[in-house]
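The values are calculated or read from the model by the stated rules, or taken from the named source; none is laboratory data. For clarity, every value in this text was computed on a predicted model and none was experimentally measured. Neighbour counts are summed over all protein chains in view; Cβ atoms, including those assigned to glycine, are modelled from backbone coordinates with ideal geometry. Accessible surface areas use protein heavy atoms only, side chains included; no ligands, DNA or RNA. Shrake-Rupley method; radii C 1.70, N 1.55, O 1.52, S 1.80 Å.
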Amino acid sequence: SSRPRKEVIKLLKFLGIKQIYDVKLNHIYSDELLRRMVKHISTLDFEKYGECGLFRAFNNAVKNGIVEMIVEMVKVCPNLMHTFDKNGRVFLMSSIAHRQEKIFSLFYGLEGRNGNFLSVTDVFDNTMLHCAGELSPSTQLARISGAALQMQRELQWYREVESIVNPRAKTYCNQNGETPGQLFTKSHEKLMTAGEKWMKQVATSSTVVGALIITVMFTAAFTVPGGNKDTGFPVFLHEKSFLIFIISDAISLFASSTSVLMFLGILTSRYSENDFLISLPRKLVIGLSTLFISVAAMMVAFCAALRIVMDGRLEVVIPVSLLAGIPVTLFILLQFPLLVEIFMSTYGPGIFNRKMKRWY
């Protein structure tokens with residue numbers, strides 16, 4: 001009956017299976033639609049491409065980063081690679097302007113990496129490097145956390161395009177008399193200011209936390225649990241828990257000190273354009289990593305000290321130790337995703353596929 005069927009559908013939706021099935025089904029339908037469309041295109045003359053809206057569909061595919069559609073359409077109609085959009089840009093220039101890295105990476109899969117694309121200019125006399133110097137669309141910037149990382153991504157795009165164009169393109173001026181470098185600086189002035197503000201806010205708040213940990217851990221090293229004997233040696237010097245306490249205290253102290261120094265380096269940085277590419281993200285990665293280590297080591301030191309003070313009463317030590325894990329867990333949930341994103345953006349494989357296999 002219909003009622004049991006509805007209940008089954010509700011259960012599948014709750015488990016997420018229905019959503020996966022719908023996505024898979026849409027993918028199958030899209031592939032079939034693309035296959036039939038390409039088959040129809042192969043029967044047309046070049047003069048009829050404009051009548052059926054092929055050029056508009058191709059430019060929209062580039063704008064939205066639909067790689068499969070681009071590849072299949074170019075295979076049956078290679079001339080599409082040399083057609084222009086409303087701004088007089090070929091597909092490679094358009095992919096840069098719309099920050100579609102997957103479409104741009106198709107360049108590395110072309111036979112001989114056709115150099116004809118690299119010298120083309122648009123209706124504004126902009127080169128490919130000028131397109132990279134313009135600010136990304138807001139929809140693309142919104143995918144990246146923090147203004148500093150957005151600035152880093154913009155620099156990565158500019159450096160990537162700069163690496164494939166003719167060196168003379170760096171000094172080529174557009175209709176406004178601007179070189180690509182001048183256009184980049186002008187277009188990213190506000191983003192650069194926002195990136196500096198974001199970096200300083202993160203560094204300032206993290207420095208406060210690091211300084212507090214340094215104070216606590218330094219004090220704890222000289223006020224050890226159980227006190228000292230008349231000779232000055234700690235009472236529980238030979239206990240394993242005391243050894244764990246001292247080691248954790250030292251790790252937390254040194255890690256937090258390193259963290260504070262890194263964040264101070266961020267606060268006193270020049271904040272030039274190139275600093276956002278490697279220097280500032282590297283300091284932020286080291287600072288956040290060592291801050292996380294210091295917080296975790298501080299909790300371990302606390303648990304070890306608690307075990308000494310409570311004389312091994314596990315019915316008290318275990319519950320309190322579990323509670324001590326809450327700050328570490330919160331730190332991981334709140335800051336670890338940002339740390340991973342910064343690390344991958346700085347030291348990861350990158351968003352461009354330079355080893356793409358030949359596709360045309």
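List of remarks:
- Within region 226-261, tally of residues that are open to solvent by less than 90 Å² (accessible area, probe 1.4 Å), over 27 Å from ALA211 (Cβ atoms) and modelled with pLDDT of 70 or more: 1
- Residue within region 102-125 that is within 30 Å of ILE266 (Cβ to Cβ), touching a residue at least 24 places away in the same chain (Cβ under 8 Å) and under 25 Å from the mean Cα position of the chain (by Cα) present: no
- Pair list, Cβ < 9 Å and 6+ apart or interchain, from region 188-200 residues that are free of Cβ contacts under 8 Å to residues at least 24 places away in the same chain to residues that are assigned to a helix (DSSP H, G or I): THR193/ALA147
- Among the residues of region 33-56, none qualifies, meaning not one is at pLDDT below 70, of a type in the set (D, E, K, R) and within 35 Å of the chain's Cα centre (by Cα).
- Residues in region 148-185 that are in contact with a His (Cβ under 9 Å, 6 or more places away or on another chain) and among the small types (Gly, Ala, Ser): ALA169 alone.
- Top-ranked residue in region 304-337 [being surrounded by 16 or more Cβ atoms within 10 Å (Cβ to Cβ) and within 21 Å of the chain's Cα centre (by Cα); ranked as nearest to ALA220 (Cα to Cα)]: PHE331
- Which listed residue is open to solvent by less than 40 Å² (accessible area, probe 1.4 Å), farther than 30 Å from GLU68 by Cα and modelled with pLDDT of 85 or more, from PHE276, PHE292: PHE276
- Top-ranked residue in region 131-149 [being over 11 Å from the mean Cα position of the chain (by Cα) and part of a loop (DSSP other than H, G, I, E, B); ranked as nearest to ILE342 (Cα to Cα)]: ALA142
- Test: residue in region 156-168 that is over 29 Å from LEU338 (Cα atoms), buried (at least 19 other Cβ atoms within 10 Å of the Cβ) and either among the hydroxyl-bearing types (Ser, Thr, Tyr) or at pLDDT below 90 (or both): yes
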